[in-house]
1. Got a sec? Which of I144, I152, I139 is part of a helix (DSSP H, G or I), surrounded by 15 or more Cβ atoms within 10 Å (Cβ to Cβ), at pLDDT below 80 and of a type in the set (A, V, I, L, M)?
2. Name the one entry in L81, L20, L85 that is surrounded by 15 or more Cβ atoms within 10 Å (Cβ to Cβ) and in a helix (DSSP H, G or I).
3. Among the residues of segment 1-41, count how many are closer than 18 Å to K51 by Cα, under 21 Å from the mean Cα position of the chain (by Cα) and polar (S, T, N, Q).
4. Keeping to segment 72-126, report how many residues are touching a helix residue (DSSP H, G or I) at 6+ places or on another chain (Cβ under 9 Å), among the small types (G, A, S) and closer than 17 Å to Q151 by Cα.
5. Looking at segment 72-92, is at least one residue among the acidic types (D, E) and at pLDDT 90 or above?
6. Looking for whichever is outside any strand (DSSP E or B) and either touching a Leu at 6+ places or on another chain (Cβ under 6 Å) or within 29 Å of H176 (Cβ to Cβ) (or both) here; the options are A71, A37. Which one fits?
7. Look through segment 50-71, keep the residues that are in contact with a Phe, Trp or Tyr (Cβ under 7 Å, 6 or more places away or on another chain) and hydrophobic (A, V, I, L, M, F, W, C), and return whichever of them is nearest to S100 (Cα to Cα).
Amino acid sequence: MISLNNDLLVRSLVAMPNNLTITKFQQVCEITSRTTAKELLSYLVNSGIGKLLGDSVTFSQSDKLDTIILAMRKGSDAHELSKKLQWQDFEIFASILIESFGYTFERNVVFSSPRVQIDVIGFYQKTALLIDCKHWMKIYDFNIAKFSLNQIRRASVFLDKRKEIDAAIPIILTLHEYSCNFFEKIPIVPISKFKEFLQNFPFYLDRLYSIQRK
């Protein structure tokens with residue numbers, strides 16, 4: 001059944017975001033059968049991904065994110081999915097989800113003295129969510145401490161530079177699932193659960209590592 005063919009879902013990612021004909025979609029996804037290509041498109045559209053109009057299909061950046069999440073829920077390997085992504089994709093996905101909850105955001109924020117680069121920042125009132133995007137690397141127990149400490153350092157520098165912000169919360173966002181939800185109160189959030197995290201985090205702020213302005 002088309003609904004169970006994870007390989008086709010992964011192939012469709014190369015066509016997103018884009019506006020292209022069904023023939024072009026078939027070509028870029030390297031699907032030999034036009035019937036299969038049309039069935040795949042029907043499945044995607046029925047899943048709320050993409051818009052079909054006549055002989056053309058339009059995919060947005062958020063459609064690419066939804067396809068990735070769908071493929072992961074259906075058992076696709078996260079490592080293989082990561083090969084289809086650029087680092088910019090993952091940062092854009094995070095920004096899309098942040099914006100969908102009415103938060104403002106900034107991407108690729110760079111400070112000097114000391115030099116610090118922050119992938120994505122979401123702003124909830126006067127609290128900043130500082131997000132380190134790890135789409136390409138699986139999180140293990142041996143490297144999570146390093147990632148977390150680096151993000152704490154970035155959060156401290158950010159809070160020192162941006163006087164209008166009262167608190168900064170370091171967050172690790174990953175494509176891969178991780179066995180723990182937190183590392184010493186720093187949330188480790190898979191992209192598939194980021195929307196849920198954004199929806200609920202104001203209710204458990206006391207559980208999160210938060211750097212407060214003194």
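The values are calculated or read from the model by the stated rules, or taken from the named source; none is laboratory data. Model, not experiment: these values are computed from the prediction. So basically every Cβ, Gly included, is an ideal-geometry build from the backbone, and we count neighbours across all protein chains shown.
1. The conditions single out I144.
2. Result of the check over L81, L20, L85: L81.
3. Adding up the residues that qualify gives 2.
4. Residues flagged as touching a helix residue (DSSP H, G or I) at 6+ places or on another chain (Cβ under 9 Å), among the small types (G, A, S) and closer than 17 Å to Q151 by Cα within segment 72-126 amount to 2.
5. Within segment 72-92, none of the residues are among the acidic types (D, E) and at pLDDT 90 or above.
6. Step by step, each of A71, A37 is checked, and only A71 is outside any strand (DSSP E or B) and either touching a Leu at 6+ places or on another chain (Cβ under 6 Å) or within 29 Å of H176 (Cβ to Cβ) (or both).
7. Here the answer is L65.
Residues are listed down the side, and each one gets a yes or a no for (1) over 26 Å from L175 (Cβ atoms); (2) surrounded by 14 or more Cβ atoms within 10 Å (Cβ to Cβ); (3) not aromatic (F, W, Y):
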site: T36; (1), (2), (3): yes, yes, yes
site: L41; (1), (2), (3): no, yes, yes
site: L44; (1), (2), (3): no, yes, yes
site: G48; (1), (2), (3): no, no, yes
site: T58; (1), (2), (3): no, yes, yes
site: K64; (1), (2), (3): no, yes, yes
site: L70; (1), (2), (3): no, yes, yes
